[in-house]
Amino acid sequence: MPNCARCGRQMRDGAKFCSVCGATVSAALAVATPGTLALSQDDAAAFLLFPDGRRHVIHPSGAIIGRAAGCDIVLPNDSVSTRHAEIARGDVGYVLRDLGSRNGTWLNRQRLSGVQPLNSGDEIAFGEVLCAFGLAGATFLPSAAQPASPLLAPVQPDAGISLRDWNPPPQTEGKVLDVQGPIMEKKSDIGGKVALAIGLALIAAPLAWLPFAADRNEIAVRYLRIEDLHTGRIVSAKMVGDPSGTIAVGDTLAIWGIEEGGNLFVRTAFNYTTNAEVRLRA
């Protein structure tokens, strides 16, 4: 059954109109060729898919992405500029350009320079906020040079991994797609330190002293992307402090923590691949 290219909803076979937004069938169908973004003759709906499962449909005329409330897609993250980037409709598809952001726009892990065309399956990072670009109603067949984003890929259960019954159950349980860090983040002013100390205390009480440590000016932070085996969603996990065990791309983890601001702050984890518990050390 086709998906509506305007709103992304599934349409019945033989339907002439989308029952949700009223788009015609011709607007809902699109066919892609390897390595390209294909559009129907009418407006085809592009979207951004985020690790927590949120999908933002991009208007056919384009969208401004940023932290400001007036943007078409608002990303309330400190790494995102007020007007960070723009996705616009070009002659043959959608294109992406940075709007002079402080932390840059990244396309398939390369910092964006100028205007670049977008293919369904491309990974985009606005500062630290990761997402994938997709096209409703189109099947993207990635070229060898550009694989599709894991955010849009189906869940692949780990062979040879025996999951456990946990009490309480973990917030996420799945494969590590990416590890960034350790990144040394500078401490903030006193107000920020108090807020950070409260947040760290919710994760683990011994971590609360870190923002005020006289002999330390920075805190080690690691960022993980986990593909949840149960939901298929990509979870962004943040580790503050040094882990007691190693975590590598491809490992399968069970993670317990505190969810805040779109991130899962890791409190403890179990690594199925190494069969070891992972704790954070101050």
Given a 1.4 angstrom probe, what's the average accessible area per residue across the stretch 243-282, in square angstrom?
49 Å²
The distance between the Cα centres of the stretch 227-268 and the stretch 40-119, in whole Å, is 26 Å
Enumerate the calculated ³J(HN,Hα) couplings along the stretch 83-88 in order (Karplus 6.51 cos²θ - 1.76 cosθ + 1.60, θ = phi - 60°), each rounded to whole Hz, writing x wherever the residue is Gly or Pro.
10, 8, 7, 9, 10, 10
Once fully extended, how much extra length lies between residue 221 and residue 115, figured as 0.36 nm per residue of separation less the alpha-carbon to alpha-carbon distance?
35.0 nm
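The values are calculated or read from the model by the stated rules, or taken from the named source; none is laboratory data. From a predicted model like this one, the values you see are computed outputs, not experimental measurements. Please note that ligands, DNA and RNA were not included when accessible areas were found on the heavy atoms of the full protein model with its side chains. Shrake-Rupley method; radii C 1.70, N 1.55, O 1.52, S 1.80 Å.
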